[in-house]
Amino acid sequence: MGRHILFVGKSDSSLDRMWPRLEDRGLHVVLAASQRHAIDYAREHTPDLIIVDGTVSRSSNRLCRSLRRASPHSALMLLTDENGLAENVPCDAQLRKPFTSRKLIARVEKMLEQHSPKVLQVGGLILDPATRVVQGARGEQRLTPKECEILTLLMERAGEVVSREELMERIWNTEFMGDTRTLEVHICWLRKKIEADPRRPQYIITVRGEGYQLNACPRWRSSRVGGVHQKRGRPD
């Protein structure tokens, strides 16, 4: 699937006429059947842009927050009525009704250009947050949404120690630290996808009592086993 947009709101004749214009420009438009469907879709597919029609919902602020948590890498646009722009809504842009299809297309294209996720690279580790595909010691692997969020944060802060508290708050939106097994399980899954030897990780390093660190300069040594060269992590 190419770049795509998720629309959250009721069917509207004026808007319905605009979606084909966006499709003509190579964008795939998905119309959410409900707010629950929108949140689930955003979490699973990470749309490039989410458009929320705030004129048909009194809970647009809460909905935008839920969508932001579900898909933090998606750009978020809120449609407002003629009374003015909404305050304290966690969105990237607002567009006031009524508007022409030309204005909508221009705003959409500008937002997509500004919020295009950048491919991250640390050493031999390459991550595309838009597709959740990572290239590491085990070749190309597809990540789950949570795995991608964790790895993105660690790669953006490569060389720094990211605390368990920050990871729990940023990824799971909670400050509860009574049980971090969920985080530890996700780290374990990530290591199985990117490390040559998950038992001797070279990328995601555990810093006891603090958190996790993405090693910006992983070290490898080559060994020959059965006539085949293999890469193994050098013991610390």
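The values are calculated or read from the model by the stated rules, or taken from the named source; none is laboratory data. Everything numeric in this text was worked out from a predicted model, so none of it was measured. In this analysis, Cβ positions are derived from the backbone assuming ideal geometry, glycine residues included, and neighbour counts consider all displayed protein chains.
Of Asp48, Asp24, all but one fail to be acidic (Asp, Glu), out of contact with any Gly (no Cβ under 8 Å at 6 or more places or on another chain) and without any contact (Cβ under 8 Å) to a residue 24 or more places away in the chain; the exception is Asp24.
Of the strands (runs of 3 or more DSSP E) that lie entirely inside segment 117-210, those containing 2 or more residues that are within 15 Å of the chain's Cα centre (by Cα) span 125-128, 133-136.
Screening Val108, Val29, Val119 for residues that are loosely packed, with under 15 Cβ neighbours inside 10 Å, β-branched (Val, Ile, Thr) and either at pLDDT below 90 or over 19 Å from Ile171 (Cβ atoms) (or both) leaves exactly one candidate, Val119. Among the residues of segment 168-194, those that are modelled with pLDDT under 95, surrounded by 15 or more Cβ atoms within 10 Å (Cβ to Cβ) and farther than 21 Å from Leu67 by Cβ comprise Thr180, Leu183.
The lone criterion from (1) touching an Asp or Glu at 6+ places or on another chain (Cβ under 6 Å); (2) more than 30 Å from Asn215 (Cβ to Cβ) left unmet by Val119 is number (2).
Screening segment 21-111 for strands (runs of 3 or more DSSP E) wholly inside it with 2 or more residues that are assigned by TED's automatic domain parsing to the domain that holds Ser11 and within 30 Å of Glu147 (Cβ to Cβ) returns the ranges 28-31, 49-53, 75-80.
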